[in-house]
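What follows is a set of notes on a single structure, which appears directly below.
Taken together, the values in this text are just the output of simple stated rules run on the coordinates, not laboratory data. Remember, it's a predicted structure, so these values are computed and weren't measured experimentally. Because the Cβ atoms are built from the backbone with ideal geometry, glycine has one as well, and the counts that use them run over all protein chains shown.
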Amino acid sequence: GGDEFVVILEGVNLYQAIELAREIQMHITWAVSELLPAYEKTFGRQFTASIGIAQYDPQNDKNGADFLKRADQNLSQVRDEQGRNRRG
């Protein structure tokens, strides 16, 4: 139930990717609260951003689709286990 997009970062380690994910979440939360203050009231749901993070592993990722599938699985896992508006 939502839109998905991909950000591919070259030359950053996993820690830096997690920090960037945290920053993206903060910006999304701010933008929604400042620019769409009636969203929750109008649609009866909260606007959240859950982020799946994966680091490319050339030994186990046969192609880009494997890598993206792992990121999507991480997104689903963190959302299902920890609730929405999380990173993992």
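Within segment 14-44, how many residues are loosely packed, with under 10 Cβ neighbours inside 10 Å and assigned to a loop (DSSP other than H, G, I, E, B)?
2
When you scan segment 5-14, how many residues do you find that are without any contact (Cβ under 8 Å) to a residue 40 or more places away in the chain and closer than 17 Å to VAL78 by Cα?
Residues flagged as without any contact (Cβ under 8 Å) to a residue 40 or more places away in the chain and closer than 17 Å to VAL78 by Cα within segment 5-14 amount to 1.
Looking at segment 45-78, which of its residues are within 16 Å of ILE28 (Cβ to Cβ) and assigned to a helix (DSSP H, G or I)? Before you say what the answer is, go through the steps one by one.
Here is the first cut: in segment 45-78, the ones within 16 Å of ILE28 (Cβ to Cβ) are 45-53, 75, 78.
Matches in segment 45-78: LEU75, VAL78.
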